[in-house]
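The values are calculated or read from the model by the stated rules, or taken from the named source; none is laboratory data. Remember, it's a predicted structure, so these values are computed and weren't measured experimentally. Here Cβ is always computed from backbone atoms with ideal geometry, including for glycine, and neighbour counts include all displayed protein chains.
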Amino acid sequence: MTFFWSSWITILSIMCWAFILGILLMVLKYKPEVEDDGTTGHEYDGIREYDKALPKWWLVIFFGSIIWGVAYWVFFPGMFPSKWAGITTVEVDGKTLPWTSHNELNSELESNNKVFTDNFEKNILAKADASGATKSLASLSEMQATLRRSETPPADLQTKIDEKTAELAPYVEKLAENPNALKVGSRLFLQNCAVCHGSNAKGATGYPNLTDNDWLYGGEASNILTTLHKGRVGGMPAWRDQIGEDGVRAASEYVLSLSSDNGSKSNDELDKTLVTQGSAIFQQNCALCHGKDGKGMISAGAPNLTDNIWLYGGERETVRNTLRYGRAGVMPEWETKLGNERIMLLAAYIYSLSDKPAKATKVLPVNTTAPKAAAPAAVTAS
């Protein structure tokens, strides 16, 4: 709110209160002449008016409301809020801050999270033989708080945060074997991830299947933690302007030839001439991200084009549209909303769902995992 509007509201409120208070005091002070029978001599339609004092309970409430209003102005930022912050404070992130609805919300969230964290350490980490994560979590939280507070954080602070996050990976694998941890993780998945990835975690067009061990950015516990903490932004550029429509058709034909079933059973037999032409176009333009063999590159989030797993579909025209217009995928970061402990539980649940010969306990996909980042990539597998 601007200073003008906060001043206008404040001054208008003071004027209204002063006017009402003045009227009341004037009425209380005024003593009319009364007749012997106690009336004022004023009569209307046979009704005579008495001069009776206002009820004390009413006066107490009235003056009490004025005192309360003044006290509110002192304690909270109600009087010239752009200039006066009030004397009430809240604790947020280890700092004492003036009261605002935003600061109060953050303070309450911290308090609630403390309850969750204590329960997480005592009843989940300890029982999963993962208590060693407690020290890493405390250190990670401290570094994250430093990053939030500092206007000019140390240049290597984010790198240290990433390294500390990676330290949690072995404990995520242990949590993936703990039924209680998976139960909580599944609920977190349903609440936060199912809207995109589905309640069974099998994804949809443009949203990866998290149960098939085909990962755009890697399916190890450390990769999943990074995806959840930082999110992913993937992009497959549009190629029609650069290689032309003929190039799009040739490159698409070659990409389909890399996959079993030629991408989809609905595709007709491939044009071998276009496949040959497309091979040269692919090596010149696409191999940088997808690799010369088309098997993708986790570091770039580029899909494997040889496994017949398609994020946007393997039909010929769908693949052509991917090359013509490009694709864009975004996986939001969850660190701000969920915090480190909940992300560990969510990562454990996601890790347990993937079709790997892993240690992870398999859980019926009632809810599930998170990110494989809605991604990008050219013709895009998964």
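Before moving on, here are some points about what is shown:
- Looking only at the range 91-119, and only at residues there that are assigned to a strand (DSSP E or B) and in contact (Cβ under 8 Å) with a residue 12 or more places away in the chain, the one that is farthest from E341 (Cα to Cα): P98
- Considering residues of the range 13-65 that are in a strand (DSSP E or B) and of a type in the set (D, E) only, the residue surrounded by the fewest Cβ atoms within 10 Å (Cβ to Cβ): E43
- A358 being out of contact with any helix residue (DSSP H, G or I) (no Cβ under 7 Å at 6 or more places or on another chain), at pLDDT below 95, more than 15 Å from L256 (Cβ to Cβ) and in a loop (DSSP other than H, G, I, E, B): yes
- Some residue of the range 69-91 being under 23 Å from the mean Cα position of the chain (by Cα), under 23 Å from L12 (Cβ atoms) and of a type in the set (G, A, S): no
- Of all residues in the range 244-265, those that are buried (at least 18 other Cβ atoms within 10 Å of the Cβ) and either of a type in the set (V, I, T) or outside any loop (DSSP other than H, G, I, E, B) (or both) total 14.
- Test: N308 is over 30 Å from G185 (Cβ atoms), touching a residue at least 24 places away in the same chain (Cβ under 8 Å), assigned to a loop (DSSP other than H, G, I, E, B) and in contact with a helix residue (DSSP H, G or I) (Cβ under 7 Å, 6 or more places away or on another chain): no
- The residue of the range 146-164 that is farthest from K127 (Cα to Cα), among those that are part of a helix (DSSP H, G or I) and in contact with a Lys or Arg (Cβ under 9 Å, 6 or more places away or on another chain), is R149.
- Residue ID - surrounded by the most Cβ atoms within 10 Å (Cβ to Cβ), chosen from residues in the range 66-86 that are of a type in the set (G, A, S) and within 26 Å of G22 (Cβ to Cβ): G78
- For first residues located in the range 213-233 and over 18 Å from N340 (Cβ atoms) and in contact (Cβ under 8 Å) with a residue 60 or more places away in the chain, partners that are part of a helix (DSSP H, G or I) and polar (S, T, N, Q) and lie 6+ apart or on another chain with Cβ distances below 6 Å form the pairs Y217/N223; Y217/T227.
- All positions within the range 176-221 that are closer than 23 Å to D129 by Cα, hydrophobic (A, V, I, L, M, F, W, C) and not in a helix (DSSP H, G or I): A176
- Residue in the range 269-278 that is crowded, with 22+ Cβ neighbours inside 10 Å, out of contact with any Pro (no Cβ under 9 Å at 6 or more places or on another chain), outside any strand (DSSP E or B) and free of Cβ contacts under 8 Å to residues at least 60 places away in the same chain present: yes
- Taking each residue of the range 235-255 that is charged (D, E, K, R) and looking for partners that are in a helix (DSSP H, G or I) and surrounded by fewer than 21 Cβ atoms within 10 Å (Cβ to Cβ) with beta-carbon atoms closer than 7 Å, six or more apart or interchain, yields R240/R324; R249/L274; R249/R320; E253/L274; E253/V275.
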